[in-house]
Amino acid sequence: MINLDNAAFNYEDMAMRFTLDVPQGALMAVIGPSGAGKSTLLSLIAGFDIPLSGTIMVGGRDMAGVPPSGRPVSMIFQDNNVFAHLDLRQNVAIGLSPGPKLTPSQAAETDDALRRVGLYELRHRKPGEVSGGERQRVAIARALVRDKPVLLLDEPFAALGPSLRRGMLDLLREVQRDKGLTILMVSHQPEDARYAASHTAFVDCGRVLFVAPTKEFFHAKDLPELRDYLGDWKN
């Protein structure tokens, strides 16, 4: 579904070269040290950064020259996923139409997405009137109405406590199963990968060093960089 072949990008003094295959329908966690290139990897797939060389394919289509708006991708960030001056319903509806008025079918789709993420009763509140977890649910609802086959998440639940983060991961898995999405999720929490991901990738120094089904990933013994990163984390 997502294929990067030696996609090159330079960030400050780091030369990044990404090769990665994400199977269709996978929920792949991307873990690794801070500054390793995890966010850049997602940005390249989304089209916010342009590779110097190499190829990026999504759904069998070469993404060279395709702007972010034309890619079959939605992206959720850790912060700034909502517009403070719009209520939650309007924030979700932007995924369907930039204008203030919706068709009846668009209005129904927006409300269905809000119900799906448990926000319908709060739909007329502004983002400043709800919790951080609820704001992230808005972003997931918007991704649902956009109906793109690929969802990228850049540490979307990092600011949430363990219990709320687990609930958000449950919601993500439910949405992924029901919509058949292919998901790539950056996280600094190895337990998030073990709990939710079908596959896990390890990124270090601008390279994808190891990818495996999650059940096998944390049993790997022969990669010093991964051992150093995980340290005493118990799996």
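The values are calculated or read from the model by the stated rules, or taken from the named source; none is laboratory data. In this text, all values refer to a predicted model and were calculated from it rather than measured experimentally. As a convention, Cβ positions derive from the backbone with ideal geometry for all residues, glycine included, and neighbour counts pool all protein chains shown.
Here ARG89, ARG116, ARG125, ARG165 are screened, and the one residue that is within 21 Å of GLU191 (Cβ to Cβ), touching a residue at least 12 places away in the same chain (Cβ under 8 Å) and of a type in the set (Lys, Arg) is ARG165. For MET57, the stated conditions do not hold, so it cannot be described as buried (at least 20 other Cβ atoms within 10 Å of the Cβ) and either among the small types (Gly, Ala, Ser) or not in a helix (DSSP H, G or I) (or both).
A quick yes/no check of all residues on (1) out of contact with any Cys (no Cβ under 9 Å at 6 or more places or on another chain); (2) farther than 21 Å from VAL145 by Cα:
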| site | (1), (2) |
| --- | --- |
| LEU27 | yes, no |
| PRO33 | no, yes |
| GLY37 | no, yes |
| VAL58 | yes, no |
| MET63 | yes, yes |
| VAL66 | yes, yes |
| VAL73 | yes, no |
| PHE77 | yes, no |
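VAL145 falls short on exactly one of the conditions (1) of a type in the set (A, V, I, L, M); (2) in contact with a Lys or Arg (Cβ under 9 Å, 6 or more places away or on another chain); (3) surrounded by 14 or more Cβ atoms within 10 Å (Cβ to Cβ), and that condition is (2).
For the range 185-224, the set of residues classified as farther than 25 Å from ARG166 by Cα and small (Gly, Ala, Ser) consists of GLY206 only.
With respect to ALA107, determine if the residue is without any contact (Cβ under 8 Å) to a residue 60 or more places away in the chain, assigned to a helix (DSSP H, G or I) and either surrounded by fewer than 16 Cβ atoms within 10 Å (Cβ to Cβ) or in contact with an Asp or Glu (Cβ under 6 Å, 6 or more places away or on another chain) (or both).
Yes, satisfied.
Of all residues in the range 155-167, those being within 21 Å of GLY32 (Cα to Cα) and part of a helix (DSSP H, G or I) number 3. LEU44 passes every criterion in (1) part of a helix (DSSP H, G or I); (2) in contact (Cβ under 8 Å) with a residue 60 or more places away in the chain; (3) aliphatic (A, V, I, L, M) apart from (2). Beta carbons closer than 6 Å, at least 6 apart along the sequence or on distinct chains, pair a first residue in the range 192-219 that is of a type in the set (Asp, Glu) and part of a strand (DSSP E or B) with a second that is modelled with pLDDT under 95 and surrounded by fewer than 22 Cβ atoms within 10 Å (Cβ to Cβ) for ASP204/GLU225. Checked against the criteria, ILE45 counts as out of contact with any His (no Cβ under 7 Å at 6 or more places or on another chain) and either within 25 Å of LEU226 (Cβ to Cβ) or aromatic (Phe, Trp, Tyr) (or both).
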